[in-house]
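Single-structure report; data block below.
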Amino acid sequence: MEGSQQEYVGSGKEKVGEVQALLFAKAQELAGVSQITLEIQKGWTTANCFEAVMTKYPALKAIRSCMMVALNHDYVTEPVAVKDGDELALIPPISGG
Amino acid sequence: MVGDDGDVVEIVEEVIDLKKYVDVVRDDGAGAIATFLGTTRDMFEDKRVLELRYEAYHAMALEHLRRICKVARSRWALTRIAIVHRIGVVGVGEESVLVAVSSVHRKESLHACEFLIDELKASVPIWKKEVYETGDAWKQNSEFLSRNSLVTTPAAVGGASDVARV
């Protein structure tokens, strides 16, 4: 999506770093943004990041059950700890080919 | 982009030139070159498709393309591999994806070619939107959905099989 802005999601709680969350295809259309900077807290996993994005952009709940999550270019199927500088991506069903 | 094995994986915005990539995998020691071209259709059910718009998660897509090349090499004796996916607007009837594989004998490249396009559709993060005369729709590959049981398993909270496993 051209002209997609970046957003910042902070909690005000103990911040231990930032994760960049990338949105593609339908997820990007629903949220209206392509990249979100997430403030992460101690002990956070990919699941916490995912929920933080859902909370900030409730429109994404329409497709939450069909999205995969990738952390630093690897699909993750169970919550994985995140750290400062990680890149998280919300992957709606792919359709290449 | 050329990997350790000389495999070429690319995401491009221009028309895919078949001859160029056939020459990329051509080798005097290879007696076979198998190619697959994916082209865009003009109809979806009863709707006329005007054009397709593709987008990719570039870095991850290139990484996973290299991975599926590696897996193909672990299964078959292959000489060279080239995989190219076009993104942006692709007109009806034009190529959106190309797989070219060379091998000493034909069976290896034919099997690998089919494997590579199947794996691309199952695991490489690229998306296609069909634009109709009225409206549009993001498509979903059945290969991706079936591998991940996405209908019932919420993402990021566990349970789905590993899409990167091949």
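The values are calculated or read from the model by the stated rules, or taken from the named source; none is laboratory data. Keep in mind it's a predicted model, so treat the numbers as computed, not measured. Glycine also receives a Cβ, built like all others from the backbone with ideal geometry; neighbour counts cover every protein chain displayed. What goes into the accessible areas is simple: the full protein's heavy atoms, side chains included, and nothing from ligands, DNA or RNA. Shrake-Rupley method; radii C 1.70, N 1.55, O 1.52, S 1.80 Å.
A residue that is in a strand (DSSP E or B), of a type in the set (S, T, Y) and touching a strand residue (DSSP E or B) at 6+ places or on another chain (Cβ under 8 Å) occurs somewhere in segment A:18-39.
Residue count for segment B:123-139 under the criterion of being under 14 Å from B:A56 (Cα atoms), part of a loop (DSSP other than H, G, I, E, B) and either in contact with a strand residue (DSSP E or B) (Cβ under 6 Å, 6 or more places away or on another chain) or open to solvent by 10 Å² or more (accessible area, probe 1.4 Å) (or both): the result is 2. The residues of segment A:54-97 that are assigned to a strand (DSSP E or B), more than 9 Å from chain B (Cβ to nearest Cβ) and surrounded by fewer than 18 Cβ atoms within 10 Å (Cβ to Cβ) amount to a single one, A:A81.
Please go through segment A:35-47 and give me each residue that is more than 9 Å from chain B (Cβ to nearest Cβ) and open to solvent by 20 Å² or more (accessible area, probe 1.4 Å), ordered by number.
Result: A:Q35, A:E39, A:Q41, A:K42, A:G43, A:W44.
Does segment A:75-87 include one or more residues that are under 30 Å from B:I83 (Cα atoms), free of Cβ contacts under 8 Å to residues at least 40 places away in the same chain and among the hydrophobic types (A, V, I, L, M, F, W, C)? Yes, because at least one residue in segment A:75-87 is under 30 Å from B:I83 (Cα atoms), free of Cβ contacts under 8 Å to residues at least 40 places away in the same chain and among the hydrophobic types (A, V, I, L, M, F, W, C).
Considering segment B:141-153, the residues that are at the interface with chain A (Cβ under 8 Å from one of its Cβ atoms) and surrounded by fewer than 18 Cβ atoms within 10 Å (Cβ to Cβ) include one that is modelled with the highest pLDDT, namely B:L145. Restricting segment B:50-78 to residues that are assigned to a loop (DSSP other than H, G, I, E, B) and surrounded by 22 or more Cβ atoms within 10 Å (Cβ to Cβ), the residue that is nearest to the other protein chains (Cβ to nearest Cβ) is B:Y57. One residue is enough: does segment A:5-20 have a residue meeting the conditions open to solvent by less than 70 Å² (accessible area, probe 1.4 Å), within 10 Å of another protein chain (Cβ to nearest Cβ) and in contact (Cβ under 8 Å) with a residue 24 or more places away in the chain? Within segment A:5-20, not a single residue is open to solvent by less than 70 Å² (accessible area, probe 1.4 Å), within 10 Å of another protein chain (Cβ to nearest Cβ) and in contact (Cβ under 8 Å) with a residue 24 or more places away in the chain. The residue list B:A77, B:A72, B:A82 contains one member that is at pLDDT 95 or above, in contact with an Asp or Glu (Cβ under 6 Å, 6 or more places away or on another chain) and more than 12 Å from B:V124 (Cα to Cα), which is B:A77. Restricting attention to segment B:13-32, does a residue exist that is farther than 30 Å from B:T134 by Cα, in contact (Cβ under 8 Å) with a residue 24 or more places away in the chain and touching a Cys at 6+ places or on another chain (Cβ under 8 Å)? No. Inside segment B:1-19, residues that are surrounded by fewer than 13 Cβ atoms within 10 Å (Cβ to Cβ) and either within 16 Å of B:S109 (Cα to Cα) or among the basic types (K, R) (or both) make up a count of 1. Filtered by the rule that a residue be assigned to a loop (DSSP other than H, G, I, E, B) and open to solvent by 50 Å² or more (accessible area, probe 1.4 Å), segment B:30-45 gives B:G31, B:R41, B:D42, B:E45. Each residue in segment B:88-122 was checked for being more than 14 Å from every other protein chain (Cβ to nearest Cβ) and open to solvent by 10 Å² or more (accessible area, probe 1.4 Å), and 10 of them qualify.
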